[in-house]
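Quick notes on the structure that follows.
The values are calculated or read from the model by the stated rules, or taken from the named source; none is laboratory data. Not measured: the values here are computed from a predicted model. Cβ sites come from the backbone with ideal geometry, for glycine too, and all protein chains shown count toward neighbours. Calculation scope for accessible area: heavy atoms of the full protein, side chains included, ligands and nucleic acids excluded. Shrake-Rupley method; radii C 1.70, N 1.55, O 1.52, S 1.80 Å.
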Amino acid sequence: MSAMTHDPTQAFRLDGKVAILTGASSGLGARFAAVLAGAGASVVVAARREARLTELRDSIAAETGRSPNDVIVPVACDITEPGSAEHLVATAAEHFGQLDIVVNNAGISRVLAAIDDTSDGFEAELRINLMAPYELSRKAAAHMIEAERPGVIVNIGSVLGAGGGGRLKVPGYAAAKGGLHNLTRELASQWARKNIRVNALAPGWFSSEMTSDMFRSDSGQNYITANAPMGRPGESGELDGGLLYLCSDASSYVTGQVLFVDGGWSAI
């Protein structure tokens with residue numbers, strides 16, 4: 001029998017690809033930047049905190065052994081501001097000559113009872129968690145279609161996009177992530193014949209800057225361990241495979257899907 005020469009892991013590589021990643025300055029976003037770059041991609045990283053983005057660029061360049069300007073381009077911006085989506089797409093095109101992947105990761109979460117909420121607060125949460133991903137996806141897709149290049153868009157959803165927060169009281173976040181999941185399906189259906197795939201990665205509970213209050217309290221830890229079938233939160237690195245799968249050719253026949261990485265939370 002002849003030796004097998006095909007390496008199926010190569011389908012997960014991103015060599016020669018260019019990505020935009022929002023919310024990259026900390027937590028899951030910083031990890032996502034390292035994962036994309038580690039798989040071979042060049043990444044335009046966006047967030048409001050420029051110093052953190054610069055530190056991230058230097059750290060990833062050192063880890064990968066690649067030139068800082070070839071692996072990461074930091075862009076300090078507020079993605080809810082008009083023109084930010086166009087600026088990110090233009091930066092990718094001008095610096096790297098192309099755009100292949102968008103990861104909509106930036107987001108915020110407020111914990112409060114709906115009866116105590118305000119319309120302004122609710123709207124602000126929708127702007128960053130739902131409207132900003134929509135705008136960047138539209139601008140990126142338009143560029144990809146004009147350039148006649150296949151593209152991938154990955155929206156970072158949440159287990160709370162599949163159900164209410166219950167005792168957590170997160171009306172704006174749950175509404176935005178639920179909307180983002182269905183927006184993923186809608187955009188996938190519109191752009192499938194344009195060779196643009198749109199999927200969502202929906203994490204359960206992972207330690208990050210956004211979830212720090214939850215992880216610092218005994219009640220928060222108990223809530224996670226009591227409700228996740230696996231009895232624990234996610235650990236650093238357990239989103240890496242899902243992200244690479246959705247961003248790479250390993251998922252070339254997958255679009256309009258929400259991939260939950262939540263320890264079984266959404267299964268019950």
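Side notes on the structure shown:
- Mean accessible surface per residue for segment 26-120, computed with a 1.4 Å probe while every protein chain stays in place, in Å²: 45
- Residue of 32, 215, 206 that the Gaussian network model of the chain assigns the largest fluctuation, springs spanning Cα pairs under 10 Å: 215
- Cα-centred dipole magnitude for segment 1-145, charges only on beta-carbon of K, R (+1) and D, E (-1), debye, nearest 20: 320
- Helices that extend 20 Å or more along their long axis by alpha-carbon positions and average at least 0.0 on the Kyte-Doolittle scale are absent among the DSSP H runs of the chain.
- Carbon + sulfur, % of accessible area of segment 1-156 - ligands and nucleic acids excluded, 1.4 Å: 52
- Span from the segment 35-80 Cα centroid across to the segment 126-171 one, whole angstrom: 21
- Heavy-atom surface of segment 129-268, accessible at 1.4 Å and reported per residue (Å²): 47
- Taking max minus min of the alpha-carbon positions on each principal axis, the chain gives extents of 55, 55, 39 Å, largest first.
- Shape of segment 161-233, Cα gyration tensor, a/c cut at 1.5: prolate
- Theoretical gain in end-to-end length, residue 190 to residue 90 [0.36 nm per residue, Cα-Cα removed]: 33.7 nm
- Between residue 76 and residue 7, the simple label model (points 7 Å from Cα in the Cβ direction) yields a spacing of 4.0 nm.
- Most mobile of 40, 157, 121 in a GNM of the chain (Cα contacts under 10 Å): 121
- If R0 is 30 Å, the Cβ-Cβ spacing of residue 115 and residue 236 corresponds to a FRET efficiency of close to 0.25.
- Semi-axis lengths (Å, descending) of the ellipsoid that matches the C-alpha gyration tensor of segment 83-193: 30, 15, 10
- Prolate/oblate/rounded call for segment 8-97, Cα gyration tensor, a/c under 1.5 rounded: prolate
- Label separation (residue 48 vs residue 149): 3.0 nm, computed from points 7 Å beyond Cα along the C-beta direction.
- Relative contact order (percent, whole number), the chain, Cα cutoff 8 Å, 6+ residue spacing: 19
- Cα gyration tensor, segment 107-265 - rounded (a/c under 1.5), prolate or oblate: oblate
- Length released on extending from residue 142 to residue 221, taking residue separation times 0.36 nm less the Cα-Cα span: 24.1 nm
- Highest to lowest packing among 10-18, 171-179, 216-224, scored as the average C-beta count within 10 Å: 171-179, 10-18, 216-224
- The GluC sites (Glu not before Pro) found in segment 109-203 that occupy coil by DSSP, while having at most 14 further C-beta atoms within 10 Å, are 148.
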